[in-house]
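Since the structure comes first, as structure tokens, the remarks are kept for the end.
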Amino acid sequence: MLRAVAAAILCWALVGMMPPWGQLPEGALREARTALVEGRVDEALAELQRLSAEYEGSWFVALWLGHAWHEKGNLAAAANEYLRGLELSPGNAQVLVALGDVQTETHNLAQADRYYREAIEAAPEYALAYRKAAAVSIELERHAAAVEFLQRFIDLRGEDTETLNVLGIEQYLNEDHDGAIATLDRVLQLDPENARAHFGIGMALSDHLQNQERAVDHLTRAVVLDDSNPTAHYMLGRVLMSVGELERALPELERAVELSPQMSDAHYRLAQLYARLGDRDRARESQLRFQELQRADEDAEFAEKRLGILKSDASKALGRNDIAAYRAAMSELMEVVPDDPDVRILSVRGSLTAGELETGLADVEALLLERPDRWDALYYRGILLQRLGRLEEARTSLEKVLEMSPLFEEGYSALGNLLMALDDADAAVEAYRAAVRLDRESPANHLNLATAYGRLGLAELEAEAMAEYRRIMEKR
């Protein structure tokens, strides 16, 4: 995090923005930012909280106070400051990237992707946003998008071997072999001993007969520079076999299997190679191992697809309140993967929908004993406890959810509803305002906020929230 904070000090210059002091005196944040970069987090927090009270309308102070809370490890407080910064400066690229970082850290990659793309749209020259968006696209296996973001990052910031290496591999995965080779050749111009670049070029060349000699050269260099890459050894062995160099291929394939015993393709190639070398016993042994691994891979793939279909069927059935279809899918799921946390969450959701509250609560408590990190389980625990009238326990559960996943919109709405039931409309307003910050086009969020303002007798604010609710509904 400290590296990100240090980089953020100069980010306004990289975006091509004017210094974001606004109403702040120039240099007002210097002491706090220096303390944060040097690791004196508590000092930075104290100074930033003072500045926040003095300049409560400054998005820049909110951003840096969010960074300080993030460094302290309090994601909920960090997210709250980032959301406040976005409210003060809608469409601000720096704040949007910070929110994307929180979503990335809490493994909400789809939402992180949305924030990074919004940052790019808001500030097309902001290089950091492209790098962040590329990382998420890689995690989501969206290779074409990753290529686009990485190329734009390089256009803005210039070449470096790390980014070029990642771009080359993403081009290869996106089936642009010529582009991958050109990119990785550029890496080798900058760093001739780069093992990853040699490996990537070797992979891209390996499927083309006319380029197999070049493929051998690059893959040989790759394994010399990095002997721990099983795929490089496998690819080199495979290409050497195809050009008839069987004796050279043998140690490469054997090394691949040594490094990665579950690599079924390497066992298959070894079986072929041993047979061509006349070693029938070892050929038979490798062939049997290949068949075992292939069956296991096929069984696992089939099971994964089947489970995905059943989970989808159960979830869709719940959505349309078709309890019979839900129970049919769940019956099969519970037979096959009774301990799968996602399946157990589905079971809890089903109990909630069917009104079997005590059963659902017992199931979610059991899951949380094993997986206390599952904030979604905590969320359903809070909902169940509220339905059972155990409101203070529900509040504790929902507040913990938002500590673990501080940008979970439904969590804020649920907490607001609970606080209204506890007759704490002031706190409910803050929860509903957080939900609105996360999704300004949700009519329910504005309606909830209007209801809370009405409870407090704040007629003008109630009218504003209702006007937003009607505006959105008219568009639908």
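Once the convex hull of all Cα atoms in the stretch 65-192 is built, its volume per residue stands at 104 Å³. Just how far, in whole angstrom, is the stretch 26-64 from the stretch 299-336 if you go by their alpha carbon centroids? Using only Cα atoms to place each centre, the spacing works out to 50 Å. Given the choices (i) 13; (ii) 22; (iii) 38, percent of Cα pairs over 41 Å apart derived from the coordinates of this structure is entry (iii). Distance between the C-alpha centres of the stretch 237-253 and the stretch 74-126: 50 Å, rounded to the whole angstrom. Taken along the Cα-to-beta-carbon direction at a fixed 7 Å, the label points for ASP299 and GLU365 span 3.8 nm.
Just want the answer: with Cβ charges of +1 for Lys and Arg and -1 for Asp and Glu, which residue in TRP64, PRO443, ALA145 is farthest toward the dipole's positive end in the chain? With unit charges placed on the Cβ atoms, the residue in question is PRO443.
Do any GluC sites (Glu not before Pro) in the stretch 122-196 lie in a DSSP loop with no more than 15 other beta carbon atoms within 10 Å, and if so, which? Walk me through the intermediate numbers first.
Working: sites: GLU125, GLU139, GLU141, GLU148, GLU159, GLU162, GLU170, GLU175, GLU193; in loops: GLU125, GLU141, GLU159, GLU175, GLU193.
Answer by residue number: GLU125, GLU141, GLU159, GLU175, GLU193.
Solvent-accessible area of the stretch 223-382 (1.4 angstrom probe, protein heavy atoms only): carbon and sulfur portion equals 49 percent. Within a straight-line Cα-Cα reach of under 17 Å, LYS305 can be paired with the following aspartates and glutamates, leaving aside sequence neighbours fewer than 8 residues apart in one chain: ASP297, ASP313, GLU332, GLU335, ASP340, ASP342. For the chain, the dipole from Cβ point charges (+1 on Lys and Arg, -1 on Asp and Glu) about the Cα centre works out to 580 debye, to the nearest 20. By the rule of a C-alpha distance below 18 Å, with chain neighbours fewer than 8 residues away ignored, the lysines paired with LYS72 are LYS400.
What FRET efficiency comes out for ARG387 versus ASP42 if R0 is 45 angstrom and r is the Cβ-Cβ distance? Round to the nearest 0.05.
Numbers: r = 41 Å, r/R0 = 0.91.
It comes to 0.65.
Spin-label model, ALA110/LYS316: points 7 Å from Cα along the beta carbon direction are separated by 1.5 nm.
Rounded to the nearest 0.05, what FRET efficiency do ASP207 and GLU254 give with R0 = 30 Å and r taken as the Cβ-Cβ distance? Could you check?
The value I calculate is 0.85.
The values are calculated or read from the model by the stated rules, or taken from the named source; none is laboratory data. It should be emphasised that the depicted structure is a prediction, and the values quoted were computed from it without experimental measurement. Note that each Cβ is placed from the backbone with ideal geometry, even for glycine, and that neighbours are counted across all protein chains shown. Each accessible area value is taken on the protein alone, full model and side chains, heavy atoms only, with ligands, DNA and RNA left out. Shrake-Rupley method; radii C 1.70, N 1.55, O 1.52, S 1.80 Å.
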